[in-house]
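The values are calculated or read from the model by the stated rules, or taken from the named source; none is laboratory data. Model, not experiment: these values are computed from the prediction. Every residue, glycine as well, gets a Cβ built from its backbone with ideal geometry; the counts of neighbours run over all protein chains shown. Remember, those area values only see protein heavy atoms, side chains included, never the ligands or the DNA or RNA. Shrake-Rupley method; radii C 1.70, N 1.55, O 1.52, S 1.80 Å.
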2 protein chains.
Amino acid sequence: MKFVESAAHIAADEMSKVNNDLVYAYVQLIKFLSLYPTAASTPRGCSSASIGSVEYIRKQARVFSEGRVPKKPKPPKTIPDEMVSVILVSYFEISEADTGRIQREHALSMGAENIVGDLLERYIASILEPRGWIWCSGAIVKAVDFIKPPSDREEVWTSLQVKNRDNSENSSSSAIRLGTDIKKWHRTFSRKIGSNWGAFPDPTLASLLSEEGFKEFVTKYLQSLN
Amino acid sequence: MKFVESAAHIAADEMSKVNNDLVYAYVQLIKFLSLYPTAASTPRGCSSASIGSVEYIRKQARVFSEGRVPKKPKPPKTIPDEMVSVILVSYFEISEADTGRIQREHALSMGAENIVGDLLERYIASILEPRGWIWCSGAIVKAVDFIKPPSDREEVWTSLQVKNRDNSENSSSSAIRLGTDIKKWHRTFSRKIGSNWGAFPDPTLASLLSEEGFKEFVTKYLQSLN
């Protein structure tokens, strides 16, 4: 797996056709992937381009941009199992009359749970991107959500994986293949009350991120979608 | 992997010390596993006995019996994510005052969902075991929940996997390694209203099993646990 020569120039060209605001970020992402091509996730779709090709860079420009389109929470489309209501009534002393409402609210709660991870990435991106980080939207990089180019202080790329919970499914850790460390952080604990913002890997960023800030972001973001 | 000589006799001895009512069923199970040793699931626990040994037969007798001990539904022990309530209020127009109740009922619903598969096995066992089938309780057989010994009509063992839903996680299909077909059936559809009892593999049994019967079983069973 190797990226074409002048991949960064191609990235700039292609992204300028999709979304001018994302040219800088996408160029950085492609520079990162050119250095660590094994970190690229396999593109989905049957007619997928081979990683590192001009076509790949063109197609992923769209994926990168579409990953940022606002996503609405939605309850699962699956049919609820009526036996759940039977169990609620027979064992948990729920009144028969409440089972329909509980079924609907349970579905809304699942819809809400399913989008927390997405909202978390968006909130962190809103703080990190103005500060030199790149949000790897569109799941283009394996197990990595944010990257930061080398700077005066650091000689190497920094990469970061964020998860909503300590027991969220682990993306297959590609740290070894990637050839660079992936910093990992999770927001909440499955067995402990409270959040983990204080332990955010970058201390400068930790002071800018908080549960209160996340809550405000979520509220505003969702109200704007309604 | 090979079972010790006279595995069936050892099974009878060992089970008689655990639960006399289960001697017949356990002997059948061990006979089945002696014929298809690759169908045995790997025993859990660090000091696990090697499959087919006397110690294995002794330990699994307890596992087989303990798999039948009634299990109570319980809500997950994990801490709920408060951001779910924020999403319910900001996007799904739930009133702030209702979020606590919804959180509790959502947890009960998850607890109920988590036990439906177990209840399904128990209901089917209640109908099948008096008719010559063996419930493979304790997950001793890979991907198989029920077995039936050869009879006048059928020369081979029948094995059956039941799932609650067409999209339930698939137990790693061991059909090929097992060397015998596993009949598969699921109760509900994730995308279609209604149940699938009419398609239960054995037509004689299909007439004895129904959604109504399952519901009655669940109601009585859970009320007896309370």
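Assorted remarks:
- Listed residues B:Ser151, B:Ser195, B:Ser224: farthest to the positive end of the dipole of chain B (Cβ charges): B:Ser151
- The mean sequence distance of close C-alpha pairs (under 8 Å, at least 6 residues apart), as a share of the length of region A:1-66, puts its relative contact order at 45 percent.
- At an R0 of 22 angstrom, the distance between the Cβ atoms of B:Ala139 and B:Asn167 translates into a FRET efficiency of 0.60.
- With both labels modelled 7 Å from their Cα along Cα-to-Cβ, the A:Lys183 to A:Glu66 distance reads 3.1 nm.
- If you sort the three axes of the alpha carbon gyration tensor as a ≥ b ≥ c, you get a/c of 1.5 or more for region A:1-66 and a/b no higher than b/c, which makes it oblate.
- Amide H contacts of B:Lys183 (H built 1.01 Å from N, under 5 Å, at least 5 apart or other chain): B:Ser159, B:Leu160, B:Gln161
- Size of charge dipole - chain A - debye, nearest 20, with Cβ of Lys, Arg +1 and Asp, Glu -1, no other charges: 380
- Taking all C-alpha pairs of region B:24-124, those more than 16 Å from each other amount to 71 percent.
- Lysine pair number, Cα distance threshold 28 Å (strictly under), region A:1-133, separation 8 or more or different chains: 12
- Measuring nothing but how far apart in sequence close Cα pairs (under 8 Å, 6+ apart) lie, relative to its length, chain A scores a relative contact order of 17 percent.
- B:Glu55 accessible area, 1.4 Å probe, all protein chains in place, Å² to nearest 10: 80
- Degrees, to the nearest 10: A:7-18 long Cα axis against longest axis of chain A: 50
- Once the C-beta distance of A:Ser53 and B:Glu96 is scaled by a Förster radius of 56 Å, the resulting FRET efficiency is 0.60 to the nearest 0.05.
- Accessible area in the full protein assembly, largest first, 1.4 Å probe, for A:Arg153, A:Arg165, B:Arg191: A:Arg153, B:Arg191, A:Arg165
- Cα radius of gyration and Dmax for region A:81-226 (Å): 19.3, 65
- Calculated log₁₀ intensity ratio I(q)/I(0) where the Debye formula runs over C-alpha points of the protein assembly as shown, q = 0.10, 0.12, 0.13 Å⁻¹: -0.93, -1.11, -1.16
- Alpha-carbon centroid distance for the pair region B:41-76 / region B:126-169, whole angstrom: 18
- Solvent accessible area, Å² - A:His9, 1.4 Å probe, full protein context: 140
- Straight-line cross-link partners of A:Lys183 among the lysines, defined as a Cα under 17 Å from its Cα and at least 8 positions apart when in the same chain: A:Lys142, A:Lys148, A:Lys163.
- J(HN,Hα) series, region B:106-112, from Karplus relation 6.51 cos²θ - 1.76 cosθ + 1.60, nearest Hz, glycine and proline x: 4, 5, 5, 4, 5, x, 5
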